[in-house]
Amino acid sequence: MSIATVGHAQRRDGGFGGYFGCTDPPTHNIPYDGRFTFARLKYNGGPGNCYYRGEPSWAHGYGYTENGPAESNLMKITAAISSLRPHLDATNVVAIDDPQLFKYPVAFLVEAGYLTLNDKETAALRKYLLRGGFLIVDDSREDFQRGRSGWSNLEMMFRQVLPGLHPIDMTPAHPIFHSFFDITSFDIVRQFYDRGPAIFRGIFEDNDPKKRLLVMINFNTDVSNYWEYSAMGFRPIDESNDAYKLGVNYLIYALTH
């Protein structure tokens, strides 16, 4: 296996709380070979994004446990219970404006409250989504403690990417929640550390919930935190299993619609 390692990059972060050293973690991408590979999106991030362990917001959940990235555990679960045979040995980190992104039907982005996009990235993400790509957004919330309003930034970024489209509140009746497991209530989504109810919104073609879903947004929750720590015993098994159900449904829906 060839390994491409991204060198550590130091950045100054002028957000709430003053100076933070920001270091990109090393990434270990594998060459594209046609098999499903989970793709995590990399972006620069706005002020305050390096508040956790000195790593940029795009990397939250990327390899803090001995099991590797949160999404690696999701791949193992999906492979065990479905006919999808994804790569289990790596998940790739892809810059938003990297042409290689178009090889991956599903992309994953965390901490969208800190998302920033330049013109090139905006155009690239728009093209990716309109040509059939599916984006999962997780681990975002209002983060006023660090001077960031999560939802307003997220909404502004996607208004920039998809002019004329807007996030729509979803209900458990939508087919994405029944593509593999039947999820009949959002009450199954316990909070790992956030407060209040999780919010699920989607961005649809023509703003029509009966048409193609382009972006699935988990807001005010961190579903992938359950994937990351499921083997550590921090939470009851049933809670982690419910988080996996959501992830599996997202993948199966994206690959069949």
So which residues in segment 192-202 are part of a strand (DSSP E or B) and charged (D, E, K, R), if there are any at all? Arg201
Is there a residue being out of contact with any Asp or Glu (no Cβ under 6 Å at 6 or more places or on another chain), acidic (Asp, Glu) and under 16 Å from Ala39 (Cα atoms) anywhere in segment 116-130? no
Is one or more of the residues making up segment 232-253 surrounded by 18 or more Cβ atoms within 10 Å (Cβ to Cβ), part of a loop (DSSP other than H, G, I, E, B) and touching a Phe, Trp or Tyr at 6+ places or on another chain (Cβ under 6 Å)? no
Count - residues of segment 31-53 that are on the phi > 0 side of the Ramachandran plot and not basic (Lys, Arg): 3
Within segment 180-217, residues being closer than 22 Å to Val110 by Cβ and of a type in the set (Ser, Thr, Tyr) number 1
Quick one: is Phe177 surrounded by 12 or more Cβ atoms within 10 Å (Cβ to Cβ) and out of contact with any strand residue (DSSP E or B) (no Cβ under 6 Å at 6 or more places or on another chain)? yes
Out of Ala90, Ala95, I need the residue that is of a type in the set (Gly, Ala, Ser) and under 24 Å from Ile203 (Cα atoms). Which one? Ala95
Which of (1) among the small types (Gly, Ala, Ser); (2) surrounded by fewer than 18 Cβ atoms within 10 Å (Cβ to Cβ); (3) in contact (Cβ under 8 Å) with a residue 60 or more places away in the chain does Ser224 not meet, given it meets every other one? (2)
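Kindly evaluate Leu214 against the criterion of being of a type outside the set (Val, Ile, Thr), buried (at least 20 other Cβ atoms within 10 Å of the Cβ) and under 24 Å from Leu74 (Cβ atoms). Before the answer, list the steps.
Working: of a type outside the set (Val, Ile, Thr): yes; buried (at least 20 other Cβ atoms within 10 Å of the Cβ): yes; under 24 Å from Leu74 (Cβ atoms): yes.
Judged against the criteria, Leu214 is a match.
None of the figures in this text is laboratory data; all of them are computed from the coordinates on show. Since this is a predicted model, take the numbers as computed values, not measurements. No Cβ is skipped: glycine too gets one built from the backbone with ideal geometry, and neighbour counts run over all protein chains shown.
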